[in-house]
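Undergrad: Sending over a structure as structure tokens; questions will come in a sec.
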Amino acid sequence: SLKNEVSYTIDINLPQEVKDAVKKFMTEKTVTNAQALTNVISQYKLSLETEKYWNINVTGGTEQVDLDNLSEAHVEKMNQFVVDVYNKLAENIGLTTVTGNTKLIELAKVRSEKYDSKNAPFGHDTSILRASEDEVFENKTVTAGENLVNSSLKSSITLKELIVDINTSMQQLTLFDNGWNFAHWINIDTAESIGVYTHKEESRTKFSYTEQWLVMATYSDQFTAGGLLTNAI
């Protein structure tokens with residue numbers, strides 16, 4: 001069983017010009033700086049030579065993952081990986097890191113289940129955002145941000161394959177988010193804590209592949225320092 005225990009190493013080391021462009025953009029979020037960041041990412045061919053600058057190595061994790069019924073262990077491992085990979089990126093650049101938060105994991109799960117139940121086209125749904133917050137938080141004034149990303153996976157996957165796919169999703173939400181002027185990356189950069197959950201969108205299952213949604217809830221306390229951390233880990 002120890003041989004199957006999933007583990008990973010994360011090596012992120014971006015070119016200095018890219019790091020400088022990211023920090024400039026996060027300091028002054030203008031279209032000009034977004035374009036400059038896009039240009040330098042293209043200059044270094046990061047999308048073609050990603051593993052040269054952002055590389056993960058996953059061992060173990062050969063057990064099957066049920067995207068319709070994730071185990072607590074798989075949810076915990078998935079969230080730990082998201083925090084680890086993002087913080088490696090943030091530390092390499094010099095950005096603020098994030099923490100995982102059990103209430104936000106719960107929120108991401110509720111949102112994920114509501115998206116799956118509604119069977120709507122891929123995209124944010126304001127009614128689901130507000131209803132999920134009312135369900136999870138006693139304080140009805142709490143609002144939390146959201147990032148969504150989807151991918152096509154085999155209908156039957158292992159934990160290792162899920163982690164590798166989530167790594168790609170994290171790249172899409174950061175370095176390769178230029179199509180949205182890096183708004184998803186801003187959402188993570190300004191967050192104090194995050195939580196993620198994923199589900200299989202049955203209506204979009206085709207042949208041996210299925211559409212998987214990764215739902216990320218993000219929170220930055222607007223009222224009291226660390227207020228959401230109460231009764232959460």
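Undergrad: No solvent, one uniform scatterer per C-alpha: report log10 I(q)/I(0) for the chain via the Debye equation at q = 0.10, 0.17 1/Å, two decimals.
TA: Log-scaled intensity ratios, in q order: -0.47, -1.35.
Undergrad: Once you sort the root eigenvalues of the Cα gyration tensor of the range 87-193 as a ≥ b ≥ c, which label holds: rounded (a/c under 1.5), prolate (a/b larger than b/c) or oblate (the other case)?
TA: It is oblate, given that a/c is not under 1.5 and a/b is not larger than b/c.
Undergrad: May I ask you to list the lysines whose Cα is less than 20 Å away from that of K109, ignoring any residue fewer than eight positions away on the same chain?
TA: K77, K118, K140, K200
Undergrad: Separate question: For the peptides 175-185, 53-63, what is the packing order when you average, over each peptide's residues, the other Cβ atoms within 10 Å and list the highest mean first?
TA: Order by mean packing, descending: 175-185, 53-63.
Undergrad: Additional query: Which of the peptides 9-19, 101-111 is most tightly packed, and how do the rest follow, going by the mean number of other Cβ atoms within 10 Å of each residue? Write down the numbers at each step before the final one.
TA: Working: 9-19: 14.9, 101-111: 23.1.
Descending packing order for the listed peptides: 101-111, 9-19.
Undergrad: Between V196, V82, V136, which gets the highest mean-square fluctuation from a Gaussian network model of the chain, Cα cutoff 10 Å?
TA: With Cα springs under 10 Å in the chain, the top fluctuation among V196, V82, V136 is at V136.
Undergrad: Here's a follow-up. Just how large is the dipole of the chain about the Cα centre, in debye to the nearest 20, putting +1 at every Lys and Arg Cβ and -1 at every Asp and Glu Cβ?
TA: So the magnitude is around 440 debye.
Undergrad: Sticking with this one: Which whole-number percent is the relative contact order of the chain (Cα, under 8 Å, 6+ apart)?
TA: Here the relative contact order equals 26 percent.
Undergrad: So for the pair K118, S7, with labels modelled 7 Å out along Cα→Cβ, what separation do we get in nm?
TA: 4.2
Undergrad: What's the extension gain from E28 to K52 if we count 0.36 nm per residue and subtract their Cα-Cα distance?
TA: Gain on extension, E28 to K52, equals 5.8 nm.
Undergrad: Before anything else, pin down the relative contact order of the range 35-172: Cα pairs under 8 Å, at least 6 apart, normalised by residue count, whole percent.
TA: Over the range 35-172, the number comes to 36 percent.
Undergrad: Related question: Which order do you get for K154, K77 if you rank them by accessible area with a 1.4 Å probe, largest at the top?
TA: So the residues, ranked largest to smallest area, are K154, K77.
Undergrad: If you don't mind, there's one more thing I want to ask. What's the carbon and sulfur percent of the chain's accessible surface, probe 1.4 angstrom, rounded to a whole number? Working shown, then result.
TA: Working: 5770 of 11720 Å².
Here carbon and sulfur together make up 49 percent of the probe-accessible area.
Undergrad: Right, next: Separation between the A131 and V164 pseudo-spin-labels, each 7 Å from Cα along Cα→Cβ, expressed in nm?
TA: 3.7
Undergrad: Further question on the same structure: At a Cα cut-off below 19 Å, give the lysines reachable from K19, other chains included and same-chain residues fewer than 8 away excluded.
TA: Once the sequence-local lysines are set aside, what remains near K19 is K29, K45, K52, K88.
Undergrad: Can you pull out the chymotrypsin sites (Phe, Trp or Tyr not before Pro) in the range 99-175 that DSSP calls coil and that have at most 12 other Cβ atoms within 10 Å? Walk me through the intermediate numbers first.
TA: Numbers: sites: Y115, F122, F137; in loops: F122, F137.
Of the chymotrypsin sites (Phe, Trp or Tyr not before Pro), the ones in loops of the range 99-175 whose Cβ has at most 12 other Cβ atoms within 10 Å are F122.
Undergrad: While we're here: So with the 1.4 Å probe, I'd like the accessible area per residue for the chain, rounded to whole Å².
TA: Computed with neighbouring chains in place, this is 50 Å² per residue.
The values are calculated or read from the model by the stated rules, or taken from the named source; none is laboratory data. Note that this is a predicted model, so its numbers are computed, not measured. Glycine gets a Cβ as well: all are built from the backbone with ideal geometry, and neighbour counts include every protein chain shown. Heavy atoms of the whole protein, side chains included, go into the accessibility calculation; ligands, DNA and RNA do not. Shrake-Rupley method; radii C 1.70, N 1.55, O 1.52, S 1.80 Å.
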